[in-house]
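Visitor: My structure is below; once you've seen it, I'll send some questions.
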């Protein structure tokens with residue numbers, strides 16, 4: 001399965017770059033991520049719980065960052081084993097470019113599965129992979145750029161997780 005897309009993020013490229021290298025941001029953005037330990041240089045060990053169609057599994061695996069071109073691009077590669085459910089592997093080539101008002105983040109994702117998961121059929125797997133990629137990059141965008149003014153007023157009245165927490169943390 002292959003997927004390409006891009007997003008306009010209302011934050012300077014330096015802030016977006018710092019966020020994509022931050023393990024707390026990655027953990028918060030990966031749907032179902034229960035834990036993540038490690039570093040950019042050595043890679044991360046992650047535990048992710050997901051339900052794909054009728055199959056529910058907890059995947060343990062590694063996430064590596066490679067092909068790093070400081071401030072411009074990198075490759076995120078992950079592989080997880082889910083016991084009898086099988087395995088999942090994927091990669092995302094991520095590119096950043098400055099645009100008026102912020103940063104364009106473009107990505108090309110490839111994903112594959114094996115074992116019981118592969119028996120679900122490509123339509124279910126492709127839909128799930130697209131949903132996971134969309135959710136990751138939506139969460140990433142929200143963490144970095146924060147809410148618009150209407151959302152900010154609405155969430156100030158709630159105890160909802162605050163959008164833009166990373167941007168505020170680095171003073172963007």
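Visitor: Is it the case that residue 19 is farther than 30 Å from residue 99 by Cβ, in contact (Cβ under 8 Å) with a residue 24 or more places away in the chain, surrounded by 15 or more Cβ atoms within 10 Å (Cβ to Cβ) and touching a helix residue (DSSP H, G or I) at 6+ places or on another chain (Cβ under 8 Å)? Break it down stepwise before answering.
Guide: Values: farther than 30 Å from residue 99 by Cβ: no; in contact (Cβ under 8 Å) with a residue 24 or more places away in the chain: yes; surrounded by 15 or more Cβ atoms within 10 Å (Cβ to Cβ): yes; touching a helix residue (DSSP H, G or I) at 6+ places or on another chain (Cβ under 8 Å): yes.
No; evaluated as a whole, the condition is false for this residue.
Visitor: While we're on this one: Tell me, which strands (runs of 3 or more DSSP E) lie completely within region 29-138 with 1 or more residues that are free of Cβ contacts under 8 Å to residues at least 24 places away in the same chain and either over 13 Å from the mean Cα position of the chain (by Cα) or surrounded by 15 or more Cβ atoms within 10 Å (Cβ to Cβ) (or both)? Full working, then the answer.
Guide: On the way: elements: 33-39, 43-52, 55-69, 73-81, 87-99, 102-114.
Ranges flagged: 33-39, 43-52, 55-69, 73-81, 87-99.
Visitor: Against the condition in contact with a helix residue (DSSP H, G or I) (Cβ under 6 Å, 6 or more places away or on another chain) and modelled with pLDDT of 85 or more, how does residue 143 come out, does it pass? Quick ask: steps written out before the conclusion?
Guide: Values: in contact with a helix residue (DSSP H, G or I) (Cβ under 6 Å, 6 or more places away or on another chain): yes; modelled with pLDDT of 85 or more: yes.
Here the answer is yes, as residue 143 does meet what is asked.
Visitor: Give just the number: which of (1) in contact (Cβ under 8 Å) with a residue 40 or more places away in the chain; (2) out of contact with any helix residue (DSSP H, G or I) (no Cβ under 9 Å at 6 or more places or on another chain); (3) part of a helix (DSSP H, G or I) does residue 25 not satisfy?
Guide: Condition not satisfied by residue 25: (2).
The values are calculated or read from the model by the stated rules, or taken from the named source; none is laboratory data. All values reported here derive from a predicted model rather than from experimental measurement. Counting neighbours? That spans all protein chains shown, and the Cβs are built from the backbone with ideal geometry, glycine included.
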